[in-house]
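The structure under discussion appears below in the form of structure tokens.
The values are calculated or read from the model by the stated rules, or taken from the named source; none is laboratory data. The model shown is predicted, which means the values in this text are computed figures rather than measured ones. Cβ coordinates were reconstructed from backbone atoms using ideal geometry, including for glycine residues, and neighbour counts include every protein chain displayed. Accessible surface areas use protein heavy atoms only, side chains included; no ligands, DNA or RNA. Shrake-Rupley method; radii C 1.70, N 1.55, O 1.52, S 1.80 Å.
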Amino acid sequence: MDLKDLTIEQAHEAMKEGVFTSRELTQAYLDAIAKKNENIFAFIEVFDDALAQADKADEIFKSGKATLLTGIPFGIKDNILIDGKKASAASKILENYTASYDATVIKILKESGAVFLGRTNMDDSAMGSSTQTSYYGITKNPLDESRVPGGSSGGSAAAVAANMSLVALGTETCGSVRQPAAFCGLVGLKPTYGALSRNGLIAMGSSLDQPAPLTKTVRESEIIFQALAKHDPMDATSVPESLRENPIKGIKRIGVPRSFFAKGLDKEVERNFNESVEKLKNAGYEIVDLEMPELEYSRAVYYIIMPAEVSTNLSRVDGIRYGLSLEGKDLLEVYEKSRGQGFGKEVRRRILLGTYILSHGYYDAYYNKALLLRDKITGEIKKAFELVDLIMTPTVPTPAFKIGEKLDDPVAMYLCDIFSAPANLSGIPAVALPSGKTEDGLPLSIQFMAPHFCEDRLFDIGKKFETML
Ligand code: GLN
């Protein structure tokens, strides 16, 4: 079985026609994991019931009730809860936490008979862009093992890129699926905020988080999105389907906010972006220059709002309610020791920053100001969509960087998020698409953003762009 170019639909057809069973398919991925995971380290844990799950999928096929995701092997990021399995967000503090319920996206996948191969590595608590801050160790980029796979969903991306999983789920708070997709040559979709349920994700920034698929093709991203984009009463910010307006519209105009990314772009990223624009022009799309001055503040705003939400969300991981509990002479010392030793350095940095931002006296100066700017950014994006059908930027300013690079320079690491932040702050969907290679053969990527709930446009342009490569 050649796993390299296998897609969800091909696997589905093959299982339907009896070319191979879900058990055989799962076994093929387990074999690949056994061979490669020690080196790449995409998976923190491989589930011992993967074959049993596959047997159930084979039963569904026999009963004639199979859907496209039945029997499809998934890698699942370590911050998405699966009932009875550990979920640690790759953090020491949650090393021994076992989920007591299924995340809604997991529940949907289980109902369709998808197979979970294991939990994938990530940056500690989803904070980072390189999967180097995981408590369990670093993940290598399968396309160049001296480089990072991106992050925080680096394990999910590496699993798919190394053919250790057919597809994977990650999460997005600010680029954690698009950026690893870009570094590993994959398609990464960040859905509209409110499209997929956040119930059962280990929360990072609740106003930004979304579960998100990593796949080799746009069509696979679409299949997973369509299966998971259901209203969920368990998530108060899940949008009822009747309110998900998605005016059917042919794509004509693509907006390019050049002044937003003119500075600091890697030369090859820039060249590839310009070539991609030319390809789209030649295919008949009208390219419109956009002035979007507010976008420049996206990253600064993200690094205020996100830590504020992080400090609130992670307060429950205190050594009493959840997680590692170290003894102390009183409750305060239990908190200090457990959190001090349980969370990694970057996580502690953000909790401290967020607590400061939300403290009396600074709340107005930082948090409220960031909220105002978030509104402005969202307003600017909405206005742009009165002129264009899609907005296009590079996905990341550079190709995959070397392992060890940027690790001691948080500000350089935060730069990776520059093109991701607008979509998460405004809630719009965005997709990262492979767009070529550097001279050294590293993947390059472009990003399209669409209005709220217009994922269809991303799939449409994505499928067309795939044929232009
Ligand atoms: N690079 C982002 C950060 O460090 C990733 C966040 C995310 O999407 N989980 O905050």
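PRO422 fails exactly one of the following numbered conditions: (1) open to solvent by less than 30 Å² (accessible area, probe 1.4 Å); (2) closer than 22 Å to THR217 by Cα. What is the number of that condition?
All conditions pass for PRO422, except number (2).
If you scan segment 236-252, which residues turn out to be at pLDDT 95 or above and in contact with a helix residue (DSSP H, G or I) (Cβ under 7 Å, 6 or more places away or on another chain)?
Across segment 236-252, the qualifying residue is only ILE251.
I'd like to check which helices (runs of 4 or more DSSP H) are fully inside segment 4-121 and have at least 3 residues that are among the β-branched types (Val, Ile, Thr), closer than 22 Å to ALA162 by Cβ and open to solvent by less than 30 Å² (accessible area, probe 1.4 Å).
Helices (runs of 4 or more DSSP H) meeting the threshold: 22-40.
Any idea which of SER125, SER156, SER130 is crowded, with 24+ Cβ neighbours inside 10 Å, part of a loop (DSSP other than H, G, I, E, B) and either modelled with pLDDT of 95 or more or within 16 Å of the ligand (Cβ to nearest atom) (or both)? It would help to see each step written out before you state the result.
On the way: SER125 fails: part of a loop (DSSP other than H, G, I, E, B); SER156 fails: part of a loop (DSSP other than H, G, I, E, B).
Sole residue among the options that is crowded, with 24+ Cβ neighbours inside 10 Å, part of a loop (DSSP other than H, G, I, E, B) and either modelled with pLDDT of 95 or more or within 16 Å of the ligand (Cβ to nearest atom) (or both): SER130.
Please go through segment 163-184 and pick out each residue that is more than 10 Å from the ligand (Cβ to nearest atom) and buried (at least 24 other Cβ atoms within 10 Å of the Cβ).
MET164, SER165, LEU166, VAL167, ALA168, LEU169, ALA181, ALA182, PHE183, CYS184
Quick check, is LEU444 assigned to a helix (DSSP H, G or I), open to solvent by less than 10 Å² (accessible area, probe 1.4 Å) and away from the ligand (no atom under 16 Å from the Cβ)? Full working, then the answer.
On the way: assigned to a helix (DSSP H, G or I): no; open to solvent by less than 10 Å² (accessible area, probe 1.4 Å): yes; away from the ligand (no atom under 16 Å from the Cβ): yes.
Against the criterion (assigned to a helix (DSSP H, G or I), open to solvent by less than 10 Å² (accessible area, probe 1.4 Å) and away from the ligand (no atom under 16 Å from the Cβ)), LEU444 does not qualify.
Identify the single condition in (1) open to solvent by 30 Å² or more (accessible area, probe 1.4 Å); (2) within 24 Å of THR171 (Cβ to Cβ) that TYR362 does not satisfy, given that it satisfies every other one.
So the condition that TYR362 fails would be (2).
What are the residue pairs meeting all of these: first residue in segment 396-408, first residue on the phi > 0 side of the Ramachandran plot, second residue small (Gly, Ala, Ser), Cβ atoms under 9 Å, and 6 or more apart or on different chains?
Pairs that qualify, where the first residue is on the phi > 0 side of the Ramachandran plot and the partner is small (Gly, Ala, Ser), are LYS406/SER129; LYS406/SER130; LYS406/ALA412.
Tell me, yes or no, whether segment 404-419 has at least one residue that is assigned to a loop (DSSP other than H, G, I, E, B), under 20 Å from the mean Cα position of the chain (by Cα), within 19 Å of ILE446 (Cβ to Cβ) and within 16 Å of the ligand (Cβ to nearest atom).
So far as segment 404-419 goes, yes, one or more of its residues are assigned to a loop (DSSP other than H, G, I, E, B), under 20 Å from the mean Cα position of the chain (by Cα), within 19 Å of ILE446 (Cβ to Cβ) and within 16 Å of the ligand (Cβ to nearest atom).
List the helices (runs of 4 or more DSSP H) inside segment 228-345, counting only whole elements, that have at least 1 residues being open to solvent by 40 Å² or more (accessible area, probe 1.4 Å) and in contact (Cβ under 8 Å) with a residue 60 or more places away in the chain.
267-282, 298-313, 331-342
Could you please give the count of residues in segment 199-215 that are in contact with a strand residue (DSSP E or B) (Cβ under 9 Å, 6 or more places away or on another chain) and either within 12 Å of the ligand (Cβ to nearest atom) or closer than 28 Å to LEU444 by Cα (or both)?
Summing the residues that are in contact with a strand residue (DSSP E or B) (Cβ under 9 Å, 6 or more places away or on another chain) and either within 12 Å of the ligand (Cβ to nearest atom) or closer than 28 Å to LEU444 by Cα (or both) in segment 199-215 gives 11.
Taking the conditions exactly as written (in a loop (DSSP other than H, G, I, E, B), touching a Pro at 6+ places or on another chain (Cβ under 6 Å) and within 16 Å of the ligand (Cβ to nearest atom)), does LEU196 satisfy them or not?
The answer is yes for LEU196.
In segment 133-153, what residues are more than 16 Å from the ligand (Cβ to nearest atom) and either charged (D, E, K, R) or closer than 15 Å to THR171 by Cα (or both)?
Once the filter is applied, which keeps residues that are more than 16 Å from the ligand (Cβ to nearest atom) and either charged (D, E, K, R) or closer than 15 Å to THR171 by Cα (or both), segment 133-153 yields LYS140, ASP144, GLU145, ARG147.
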